[in-house]
Every structure is written in structure tokens, then in C-alpha cells.
1. Report yes if residue A:28 is without any contact (Cβ under 8 Å) to a residue 12 or more places away in the chain, part of a loop (DSSP other than H, G, I, E, B) and loosely packed, with under 11 Cβ neighbours inside 10 Å, otherwise no.
2. Tell me which residues, restricted to the stretch A:122-141, are within 11 Å of chain B (Cβ to nearest Cβ) and touching a Cys at 6+ places or on another chain (Cβ under 8 Å).
3. Within the stretch B:184-240, count every residue that is of a type outside the set (Lys, Arg) and in a helix (DSSP H, G or I).
4. Among the residues in the stretch B:55-69, are any farther than 27 Å from residue A:167 by Cβ, surrounded by 15 or more Cβ atoms within 10 Å (Cβ to Cβ), modelled with pLDDT of 90 or more and aliphatic (A, V, I, L, M)?
5. Run down B:29, B:72 and say which single residue is more than 26 Å from the chain's Cα centre (by Cα) and not polar (S, T, N, Q).
6. May I ask you to list pairs of residues, at least six apart or on different chains, whose Cβ atoms are under 8 Å apart, with the first in the stretch B:412-434 being within 7 Å of chain A (Cβ to nearest Cβ) and the second being among the charged types (D, E, K, R) and in a helix (DSSP H, G or I)?
7. Out of the stretch B:365-384, which residues are surrounded by fewer than 16 Cβ atoms within 10 Å (Cβ to Cβ) and not in a loop (DSSP other than H, G, I, E, B)?
8. Against the condition hydrophobic (A, V, I, L, M, F, W, C) and without any contact (Cβ under 8 Å) to a residue 60 or more places away in the chain, how does residue B:52 come out, does it pass?
Amino acid sequence: MIAALLVMIGISLLLGAVLGFSAIKFKVEGNPLVEKIDAVLPQTQCGQCGFPGCKPYAEAIAKGEADINLCPPGGEGGIRKLADLLGVDFKPFGEGTAPKGKMVAVIDENICIGCTLCLQACPVDAISGAAKQMHTIIASECTGCELCVAPCPVDCISMQSIDEDITTWKWRYPVHPIQAAA
Amino acid sequence: MRTLHKFHGGVHPPTHKTESTRTPIVKAAMPSRLVIPLHQHVGNRAIPTVQVGERVLKGQIIGRPEGRLSSAVHASTSGTVAAIDMQVVAHFSGMPDLCITIIPDGKDEWIAHGGVDYKQTPHTELRHILRQAGVVGLGGAVFPSDMKSYSNRHEIKTLVLNGAECEPYITCDDMLMRERATDIVRGAEVLRELLYAEEVLIGIEDNKPEAIAAIRQAIVNDGHAHMEVIAVPTLYPGGGAKQLIRVLTGIEVAAGVRSTEMGVQCFNVATAYCVWRAITHGEPLLSRIVTVTGNVADARNFEVLLGTPVEELVAQAGSKPDTDRHIMGGPMMGVDLPSGSVGVTKATNCIIEGSPALFPPPAPALPCIRCTRCAEVCPADLQPQELYWFAKAKDFGKTQEYSLFDCIECGACAYVCPSHIPLVQYYRYAKSEIWARERDAQGAETARDRHEYRVFRIEREKQEKAERLAQKEKAAMAAKPASAPAPAPSAPAAITPADFDDTLQFRIDTAVARAKEQAAQAHPENTGTLAPQQQAEVAEIEARRAKIREMAADAGADDEPPKQS
């Protein structure tokens, strides 16, 4: 009787120790779900979702505070991916949040006064320039978030859509007539 | 006798090769203009080096290579640069790309040029010559040849020279081998030296006995050791690099592996010819052999200056009036040209004139019955019916699991499909969709990195500023004790900072109160003594003024620019 009790107590202590050890040793820093959601988001850092950047939006989704259909740059494909990831139903975009095509900001360099306000607004440091020097968008790094447009005091920044060219052209989904079975 | 191996699958479409091999290669007439695209090769587009209106000589570089993977583009004849602009090019998309238009002056005047002795020249220089001469793979892939003639990382045992030319209708390599065999084998010898390869295997399909004989004769004449011509069975797509390597050496190049890792490099026979011309004669790649066949009166091979508009070329072969399209390449893998005005490029091996009689419109597709005939003929040993299934469902992850990227788009599956499903279109769609997604994912990754770095940078700047301030304060504190022992003697009483603030605030308050009082007292009293009629008039004017002010305020609000969000 006592031997059995001792064995049971011994086993439970041992298992408890193993569990306690692994809880410390294999502790997961941060919320892995946030990382997964963040990986799906397009990283434009545009704030159109109402959160200051993609990571905060990912955190809000993970906490259940935000809907999954608030990210226009991600497109419907993005919503689908989020729905898959979180095991919830697909939700179409709300009114006024329809996705736009890819854009890039362009500075009219004749008008730019070199005030650096857009430099401070750019979330990905994609504008080069200095005080009283002309500013230029580094087009390859621009995410098209439009955050630089509003701060410009002389309205010299415009958004231009990126059209498909021969290098980014994609094959269309094949559409061909299907014969009805006789 | 060498034992040949087999690749999986393959089909036997009607070859239609005899039509265009009856007559020798002729030089195409000088065209009225040349439209030379700057992106005729794999890699970066060449950068234009000429101006509109400039006179250029034959062989002059008009586009310099940009970056490591790129190639030069030359003026195919002497003349004047008429335009540097976006023009429709030979591409599936039918989209425009940057082209240089040259109006020939008819003199065909060469730039100063000369060759080198390849045995006395360092290999780096030979590769540089190839790059500057714009030599690229002429089998269709147009990969810069200088990049392929390295053997630094892997030891190359075998150089495979591809003269299989398996696609129906095309005979340009056949005719080149018949007529210019000597230069081809000499070029192959140069490539062998560059690669330090032990042997050269020249694979030619057994439906080209004249070409096989000509190359064999050239090898005997020159006394090339380590070179062997091998007749391979005629079977489409036996001219695919992986398929030919498999047949000749028995080596199966695995998915995602380059043949060089297995000790084999592969060049087209026409590329070997151009290598020889470029190195020993200093002639850049200015022209190529193009088969013009299909719905023409006189199918044959032409030596065509690069940039010659297709419509001017096909007219010389007597294109028939019921021609409704030009196909560049063969009927299995070719591209329907968007217009007859596109220029011949380094990749143009064949122009087939199409007519409704010759190429009737495809029968309507029926549902897939999963008969797996496509799997039986697939030379890459894939499961085309599964790939089709997943591509159709846009399940791109699954298509990659089924090795979509091993598909060489040869079209054998669609050729045998009893349901006439355009299978290759689905694979191309899936491939380009996957590439686009990878581009987007990479862009997102860069944006994330840059954003995270920016957040880190702002935090760091804040900290540095705080540290600087702290240090300044410290320095000020350290300096204070030195000046403290000398108090101002005239100071009446010690005013503590709190007192000072109070007095200051008090003074401000009193000043404001005084100003208000004065304003109240300065009320104009000049209307008190007026007659009632005058007072009424004043009231009326005041009312009108108020109204105008209101209107102005409204208009001002409208004028304000709408805020962009």
C-alpha cells in the first residue's frame, strides 16, 4: 500500500518536474498567431485598417478586436487567407474599402520645397532627401500606402497606378468553350 | 556503338520538314527598316547607347549589356537610328517593349572588326568577346552564352551539342548543319576548351541524314578528337535539353538541378556557329537562319538580319493571301505574333504562316475523363491530368507539389488529349501566377524589414537625444557650483521660482484686464445723435453687410481643397 503510494507520488513528482522544466525551457515568446497573421498581411503599413501598421492590425485580429476584411491592399485573396488561417468565414469588404490596384507615389520635383514632411510620414523609408533638398521616391521600395500625400504642404505628391508591363505580365486563366454533352 | 537511352513519353506529330529543305539558305533582301528589341535574351534588358538620328554601322553596339546576366544588341546593318521607343514585340502578351528602329542606308558598311586566335586568348577574354558580340542560345531559350561557358563550380565532362531540332516545320538548324558544318564543329571545339570538357556529343535526329553526314565529314576534315555525331531517334520533344542529355548519356537531370551539376553542358548547333564567327571573325550576332514555311508558295530558309519585320520576310517566301496569322517557332510551342510588324529576334527560328485550312481552330474542349494519355506522353514524367486539375482549381501549392516547374511546356499532353483541353495554357497560367505571388511576397518581406528598421531607428534616435540631453544637464550642473558663490548684490530679495512665476502670471493677467477695459471704453458713440431715419438706414446697411459676410464665408468653405485621405 505505502509502496504503491510512494511510486505514484514519485511518478507525479517526476512528471511535474519534466512539465515545469519544459514550460521554462520551451517557452514561446510572443504570440505565434500574430506572426502568422502578419505574414499574410501585405506590409504596406498604410494604416487603412485603422491601426498604425500591419503588425498592430495583426495583433488586433489575434485578440479578436478587429475584423479580417479591413485590409484593402491585401485584396480579397488576403481576406481568404486570413479566413483560412483563423478558421472563420470569408467576409467581403465593407463599403468604401474596396481594394485599388497597385500604386506608387511620385514627387513632382519642380514643386517640391524640401520640407522633409513626407520623409517623416513614409513607413518604409522609401523617400530620399534632406531639408531644403529635393525629395525623390525610391519606387522599388514604395508600398503605395499614400501616407506621404496628405502631409505635403505643396501637394506635389501624386499616386500613380503601376500598369502591367511585359516583365510583369501574367497568363490569364484559360477560358475556352466547353462542348455540351450530347 | 554507343548505347542510347530513352526518355519517358514523347509523341510523333507530322514533321512537315521536307517542304523547306529543298533549296539552300538564301540571304533575305535588305528590309526597309529594322525593328530591334533591346530585350532579346534572358536577363536584363540592354541599355541603348545611341541617339535618335545617329548614323550607325553594321556590327556597332546599340544596346550595352546591363548587369551580369545580359547581352549586347547590335545594329544589323548600317543606317540611321529613326526611333527608340516602345513597340510591339514577339511575346505572348502582345505588349510593347523598348526597340530601336534603324532605317538602312543600303551600304551595309561594317564597323572595324577582327577576330582572335582562341588558343592564344585567355578564357575570360573569350567570354567577354561572346558577351560583347551578343551571343545567346539560339535554340530558343536565348540564355547568354558567356554565362554558360564556365566550368568553375562543376567539372564538365560532356558537352552536348543539340542539333535534334525535334519540333515540326522547323529546319533552320538542319540547313545550317548541312551548309556550315565546319564552322559549327570549330565553334563546338572552342566551347569544349572553355568548359574543359572531355568529349563533345552532337545529337541529331535520324530524320536529317544529310546534316549528320555533313557534320561527320567536317569532324574528319578538321581531325577533331573527342567529338562524336550521334543519330538519335526522331521523337518529339527529343530536342529538349534534358531529354537529349538523357538519350545521349543516360543521365537524368533531377528536378531543380542544373545539368552542369551532373557534368553536362548543352549548346545548340547554331550557337556554336555564332561562337566561332564571333571569336575568330569578330562578327557579332547580327543575323540568323529563319525557316519560313506553312501557308507560303516557296517554303525555305533565309539568313535574316535581326530586326527585319516579319511581314517583309514572309513576303519573300510568297505568303498566300488566306494567311490569317504568323506563328513564331513551331506549331507545338510557338507564339502567335501580335502583328506582322514585329522584328525578327535572336529567338526567331521559324515563322509559320497559318491559315484556317492549315491550322483549323481547336475543337471545343470536353471534360477531362482522366484517361492519363497525357501522363503516358509527358517527357518530364509528370502527371499532367493532376496538374490540370489543381491549376484549374487555382490550388497552386498542390501544382508545385506535383512539380509544375519541371514542365517544359512542350505541348505533348495537349497534343494527345482526346478532350482537346488546352493543358499547357493552364500550366503557364499557374506558373505566372506563382511567380507573381512570389514577387509580392518578396516585396512584402522587404517592406516589413524596412518598416521594422525604421521603428528601431526612430527609437534609437529618441534614446540618443535623451542621452545627449542628460549629458548636457549633467554638464550644466557641474558648471553651476563655480558660478554660485557670486550672487547678484542688487537683487532686493531672494525670489523663488514659484514666486517669480506667480508675479509673472499676475502681471500678464492685469495687462489683459487693462486692455479689455480700454476696449470697452473705446466704444464708438457717434451714432447716438442721429435722426431715426438715418439710424434705420444704418441698420439696413449693417444687415446687408452681415449677409455678404455670410455668403463670403460659405464660398470660402467651398473653395477649401478637399482633403485627400
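1. Details: without any contact (Cβ under 8 Å) to a residue 12 or more places away in the chain: yes; part of a loop (DSSP other than H, G, I, E, B): yes; loosely packed, with under 11 Cβ neighbours inside 10 Å: yes.
Against the criterion (without any contact (Cβ under 8 Å) to a residue 12 or more places away in the chain, part of a loop (DSSP other than H, G, I, E, B) and loosely packed, with under 11 Cβ neighbours inside 10 Å), residue A:28 qualifies.
2. To start, the set of residues in the stretch A:122-141 that are within 11 Å of chain B (Cβ to nearest Cβ) comprises A:122-126, A:138, A:140-141.
Listed by number, the residues that qualify are A:122, A:123, A:124, A:126.
3. Step one: of the stretch B:184-240, the residues of a type outside the set (Lys, Arg) are B:184-185, B:187-191, B:193-207, B:209-215, B:217-240.
Now narrow it down to the ones that are in a helix (DSSP H, G or I): B:184-185, B:187-191, B:193-195, B:209-215, B:217-222.
Residues meeting the conditions: 23.
4. Among the residues of the stretch B:55-69, at least one is farther than 27 Å from residue A:167 by Cβ, surrounded by 15 or more Cβ atoms within 10 Å (Cβ to Cβ), modelled with pLDDT of 90 or more and aliphatic (A, V, I, L, M), which makes the answer yes.
5. Working: B:72 fails: more than 26 Å from the chain's Cα centre (by Cα).
Step by step, each of B:29, B:72 is checked, and only B:29 is more than 26 Å from the chain's Cα centre (by Cα) and not polar (S, T, N, Q).
6. As it stands, the answer is B:426/B:392, since those pairs meet every condition given.
7. Answer for the stretch B:365-384, where residues must be surrounded by fewer than 16 Cβ atoms within 10 Å (Cβ to Cβ) and not in a loop (DSSP other than H, G, I, E, B): just B:376.
8. Numbers: hydrophobic (A, V, I, L, M, F, W, C): yes; without any contact (Cβ under 8 Å) to a residue 60 or more places away in the chain: yes.
Here the answer is yes, as residue B:52 does meet what is asked.
The values are calculated or read from the model by the stated rules, or taken from the named source; none is laboratory data. This structure is a prediction, so every number in the text was calculated from the model and none was measured. Reconstructed Cβ throughout: ideal geometry from the backbone, glycine too, with neighbour counts over all protein chains shown.
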